[in-house]
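Written out below as structure tokens is the structure these notes cover.
The values are calculated or read from the model by the stated rules, or taken from the named source; none is laboratory data. A quick note: this is a predicted structure, and the numbers were derived from the prediction, not measured. Neighbour counts are summed over all protein chains in view; Cβ atoms, including those assigned to glycine, are modelled from backbone coordinates with ideal geometry.
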Amino acid sequence: MPKMHTSVCWLKGTFRQDAEKRCAFLNEKNLCEMYVALGEESLCKTCRRYPRHVEEFEGVREISLSISCPVVARMLMERKSPVTFLSFEKEGEEEYEDFDPFFFSILEDAREEMIKILQNRTLSIRTRALQVLGMAHDMQGRINRQEMFACSDVIEKYRGDRAKVYAKNYLEKINIPMSEPLFDRLYCLELLRENWELLLHETETILYAKGEKVYQKIEEAFRDWMKEHPEMEIRLEQLLVYFLFTYFPGAVYDGEIFAKAQMAVYLSFMIRELWMARWVKNEKTLDLDECVDLVYRFSREVEHSDVNLKRVEHMMEKKWFLI
């Protein structure tokens, strides 16, 4: 009882955190002392649900696992086969105000095609990501012109080979832009853990301190290394699918299709920047444990804050995120 009394903020109805912002009930083995002593029924709703992530829509409930959990992050980073999703029907309906079921159906179709694109491993991950951005951009144009029905034509267009060829040729013509301005945007987010800012500074110093030419050499070398280690492109693919699946359907409420797609690409490629800096620091090696560590730490900082999610999406609303 003394532990319960001192570890709960009874006025706010929340668990207290220590100096490292860990729950007061989390022991040195990362196990919940309440769960160990009293079982699952002792946990609050949030703790019972975590690491499950739930998105609610009219007639649809989507449940995924959050990569802010180290175990989930490892499961995703270890997985070699493409991610699949299960669906089943259950009796009961719930209506939402300002919900357009037809628009949601279009978004579901678009997301399904985008995931197929992202999982087409005959193409580079950059080509696949660019195709997804292209589809979202074209759909956004139709929505802005109030031509929602024309979105189906856009989806059909990106099922063909012309979009693949265009994306591939486009990437061959451009230089890889320096990602420092994009990475700097992470400093604009609400800081949840002090050691996160130290990681950002370290990454920034390693990748960008010596200018664009040095960055491009690092990036080209890392890309070549990833080709020799195909599991790295698979890991990036899994992240893209994860973020797209989780956030893209939310466009049904605000119409921001392009921002949602850009957000999925941006978050995935910023994790890639963290991987690349760690690879340089390790003298061109990077193991699974370090990939997992950077993934769940990134997710905790971004996905555990509604403020941060909104800020990232707002960043993506105006400009193309060039990869």
For a quick check of your reading of the model, give me the residue pairs whose first member lies in segment 288-304 and is assigned by TED's automatic domain parsing to the domain that holds Leu191 and more than 14 Å from Leu76 (Cα to Cα), whose second is among the basic types (Lys, Arg) and outside any helix (DSSP H, G or I), with beta-carbon atoms closer than 9 Å and at least 6 apart or on different chains.
Arg297/Arg193; Arg300/Arg193; Glu301/Arg193
Within segment 123-150, restricting attention to residues that are basic (Lys, Arg) and either more than 19 Å from Gln262 (Cα to Cα) or modelled with pLDDT of 95 or more (or both), which residue is surrounded by the fewest Cβ atoms within 10 Å (Cβ to Cβ)?
Arg145
Looking only at segment 151-184, which residues are in a helix (DSSP H, G or I), modelled with pLDDT of 90 or more and surrounded by 15 or more Cβ atoms within 10 Å (Cβ to Cβ)?
Cys151, Ser152, Val154, Ile155, Phe183
Expected single match for of a type in the set (A, V, I, L, M, F, W, C) and within 30 Å of Asp100 (Cα to Cα) among Phe258, Phe269 is Phe258
Select the helices (runs of 4 or more DSSP H) contained entirely in segment 13-122, then report the ones holding at least 1 residues which are over 30 Å from Glu231 (Cα atoms) and modelled with pLDDT under 70.
33-38, 45-49
Test: Ala264 is in contact (Cβ under 8 Å) with a residue 40 or more places away in the chain and over 12 Å from the mean Cα position of the chain (by Cα):
no
Residues within segment 212-248 that are surrounded by 14 or more Cβ atoms within 10 Å (Cβ to Cβ) and either hydrophobic (A, V, I, L, M, F, W, C) or in contact with a strand residue (DSSP E or B) (Cβ under 9 Å, 6 or more places away or on another chain) (or both), tallied:
18
May I ask you to verify whether Ala209 is among the aliphatic types (A, V, I, L, M) and surrounded by 18 or more Cβ atoms within 10 Å (Cβ to Cβ)?
no
